[in-house]
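**Q** This is the structure, below, for whatever I ask next.
The values are calculated or read from the model by the stated rules, or taken from the named source; none is laboratory data. Here the structure is a predicted model, which is why all the values come from computation and not from measurement. Quick reminder, even Gly has a Cβ in these numbers, built from the backbone with ideal geometry, and neighbours come from all protein chains shown.
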Amino acid sequence: MDETTESELGRLTADYGREWRVRRSYGSDGRPRGWVATRVRDDDLAPTVHADTLVELERQMQDPGLRAGRHLSQAQRDAILAELADPDIPIRPWPVTSSGPQDEDGIPVSWRAGGHT
């Protein structure tokens, strides 16, 4: 690792080390290729960010976005089930884009009685 990379990693660790573990990535030829940062905590933010430049990596660490594919928590599932069980909240069908004839509720006639085509 060259002096510049060590200096940059030291600064990033000082500035972001409580939230991120930062490292330099290298290609198969041993030359630096980019920057990678991994979250220390398991939370709802993106767990890993990567960038070609240090400036872009810092921008992503400051605003990483949300984690993709996080499962619903038990509290979220309970809230959804409570809403579905509430008789005062009407259940509406998804918007239909069928160009064929529709019934009074906007459901394609072809969907009635298992006739969905």
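**Q** Can you pull out every residue in segment 1-51 that is hydrophobic (A, V, I, L, M, F, W, C) and surrounded by fewer than 15 Cβ atoms within 10 Å (Cβ to Cβ)?
**A** Met1, Ala14, Val40
**Q** Given Leu12, Leu57, which one is touching a residue at least 24 places away in the same chain (Cβ under 8 Å) and over 30 Å from Ser73 (Cα atoms)?
**A** Of Leu12, Leu57, the one residue that is touching a residue at least 24 places away in the same chain (Cβ under 8 Å) and over 30 Å from Ser73 (Cα atoms) is Leu12.
**Q** Tell me which of these Met61 doesn't satisfy, since it passes every other one: (1) within 30 Å of Ser7 (Cα to Cα); (2) loosely packed, with under 13 Cβ neighbours inside 10 Å; (3) aliphatic (A, V, I, L, M).
**A** (2)
Condition check ((1) at pLDDT 90 or above; (2) polar (S, T, N, Q); (3) within 28 Å of the chain's Cα centre (by Cα)) across all residues:
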site: Leu12; (1), (2), (3): yes, no, yes
site: Arg21; (1), (2), (3): yes, no, yes
site: Glu56; (1), (2), (3): yes, no, yes
site: Gln62; (1), (2), (3): yes, yes, yes
site: Pro93; (1), (2), (3): no, no, yes
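**Q** Having 3 or more residues that are touching a helix residue (DSSP H, G or I) at 6+ places or on another chain (Cβ under 9 Å) is the bar; report the helices (runs of 4 or more DSSP H) wholly within segment 1-91 that clear it.
**A** Because the criterion is at least 3 residues that are touching a helix residue (DSSP H, G or I) at 6+ places or on another chain (Cβ under 9 Å), the helices (runs of 4 or more DSSP H) in segment 1-91 that meet it are 3-16, 54-62.
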